[in-house]
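The values are calculated or read from the model by the stated rules, or taken from the named source; none is laboratory data. Owing to the predicted nature of the structure, the values given are computational and were not obtained by experimental measurement. Backbone-built Cβ (ideal geometry, glycine too); neighbour counts: all protein chains shown. The accessibility values were calculated without ligands, DNA or RNA, using every heavy atom of the protein model including side chains. Shrake-Rupley method; radii C 1.70, N 1.55, O 1.52, S 1.80 Å.
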Amino acid sequence: MNPRREPRGGRSALFDGIEEGGIRAASYASHEINEHENERALEGLQDRVILLKRLSGDINEEVDTHNRMLDRMGNDMDSSRGILSGTMDRFKTVFETKSSRRMLTLVASFVGLFLVIYYLTR
């Protein structure tokens with residue numbers, strides 16, 4: 001018996017056991033753990049995507065509502081501008097044709113009416 005062969009044989013037997021079962025088993029368990037963590041992370045991402053999708057839908061609805069409201073305000077402003085323009089044209093006509101006393105009375109009543117409306121709307 002060669003004493004040199006015995007330690008080698010002992011070492012190879014020792015490492016053969018680890019290579020066959022130990023490393024492969026640890027690798028398989030590590031793969032299972034990584035797979036489980038990946039699935040949990042994927043579920044978390046799916047929940048976040050669903051939340052962001054709902055949030056973006058709510059934002060879209062809010063923007064549409066505000067756009068409709070702004071359109072109505074724009075239309076109201078246009079109609080108010082038309083009414084005020086007609087009123088100013090009438091005032092110009094009155095100022096051009098009537099005496100200064102009557103004009104002063106008309107302007108004072110218009111300013112008074114404007115102030116009453118202003119204080120009532122506050």
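The table that follows gives values for the structure above.
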quantity	calculated
Residue satisfying condition, being surrounded by 10 or more Cβ atoms within 10 Å (Cβ to Cβ) and at pLDDT 90 or above, within set Thr87, Thr93, Thr65	Thr65
Residue satisfying condition, being assigned to a helix (DSSP H, G or I), open to solvent by 100 Å² or more (accessible area, probe 1.4 Å) and at pLDDT below 50, within set Arg8, Arg24, Arg48	Arg8
